[in-house]
1. Just to be sure I understand: with springs between alpha-carbon atoms less than 10 Å apart, which residue in 51, 169, 85 has the highest mean-square fluctuation in the Gaussian network model of the chain?
2. Identify the residues of region 25-41 with backbone N under 13 Å of a label point that sits 7 angstrom from the Cα of residue 166 along the Cα-to-Cβ direction, or state none.
3. Mind checking the full-extension length gain between residue 141 and residue 120? Use 0.36 nm per residue of separation minus the Cα-Cα distance, one decimal, nm.
4. Under a 1.4 Å probe, what is the accessible area of region 66-160 per residue, stated in Å²?
5. Rounded to the nearest 500, what is the chain's calculated 222 nm mean residue ellipticity when only DSSP H runs of at least 4 contribute -39500 (n - 2.57) each, over all residues?
6. Which whole-Hz ³J(HN,Hα) couplings does region 141-146 yield from phi under the Karplus relation 6.51 cos²θ - 1.76 cosθ + 1.60, θ = phi - 60°, glycine and proline marked x?
7. Over the chain, what is the mean sequence separation of C-alpha contacts under 8 Å (at least six apart), divided by residue count, expressed as relative contact order in percent?
8. Hey, what angle do you get for helix 2-16 against the long axis of the chain, alpha-carbon based, 0 to 90 degrees rounded to 10?
Amino acid sequence: DGPALLDSVVETAALLDPQVAELVKQSNAEVQIPKAPDVSWIGDSDLPAFVQQNLRLYVARWLGQQAMYDEVLETVGDIKPDDVVDPASLLFYRMVAYHQIVEPDQSRVALVELLEHENQLPVRYRQIAEMIRQDLAGLKDESLDHISRRMNDVRRRLELGEAGKTVQVVEKGVSDSLDKMIKKIEEQQKQQQSGSGGAAQGSAPMQ
């Protein structure tokens, strides 16, 4: 199947190129806190374009398994399904990455593209794709569920040792969303109290 074919292509290239062999080794390492392998040299190498694209996908698959979703998107961002021997994995890990960093619109686009290749998908990919489809159907922007997922994304990033600008931007977005939600609830409560003549004011704490 596709994933096994991808392994074969990259492992064959590793027999012929020491840099590829080292990258394969890094992409199979079991570490407590993973670190994204350096792939910047791939585009400047003498490797055929076919090998370059499949090697990027091979690394991205490992990154996805390590919950390094931003790095997945950086690694495979410009790769097209026809560029690799395992288009199902390319589309699958792209969809999962967008879903996990809470980009629902991008995740839906990736999901639609993935399901266009449904006949080529391994069973596990189809099952997870269906779960994500159902999950996205019930997700609303700026809902408490949406905010909670973004908070989980911040925790994931911190557990990976990330504390830079990207994390700070996500944190600020979560904080701003919570402020908006609290303000909306307070305004609703004031309208309810005004409508009842203020009789209920102070009778019970806000939920």
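The values are calculated or read from the model by the stated rules, or taken from the named source; none is laboratory data. Small disclaimer: the values here were computed from a predicted structure and weren't measured. Because the Cβ atoms are built from the backbone with ideal geometry, glycine has one as well, and the counts that use them run over all protein chains shown. For accessibility, only protein heavy atoms count, side chains too; no ligands or nucleic acids. Shrake-Rupley method; radii C 1.70, N 1.55, O 1.52, S 1.80 Å.
1. 169
2. Under 13 Å, as judged by backbone N against the label point of residue 166, lie 35-37 of region 25-41.
3. Values: separation 21, 0.36 × 21 = 7.56 nm, distance 3.20 nm.
Contour length minus Cα-Cα distance gives 4.4 nm.
4. On the way: 4980 Å² over 95 residues.
Per-residue accessible area for region 66-160 comes out at 52 Å².
5. On the way: 9 runs with 137 residues, N = 207.
Helix contribution divided over all residues of the chain: -21500 deg cm²/dmol.
6. 3J(HN,Hα) across region 141-146, in whole Hz: 4, 6, 7, 4, 4, 4.
7. On the way: 173 pairs, mean separation 29.8, N = 207.
The value is 14 percent.
8. Helix 2-16 and the main axis of the chain meet at about 50 degrees.
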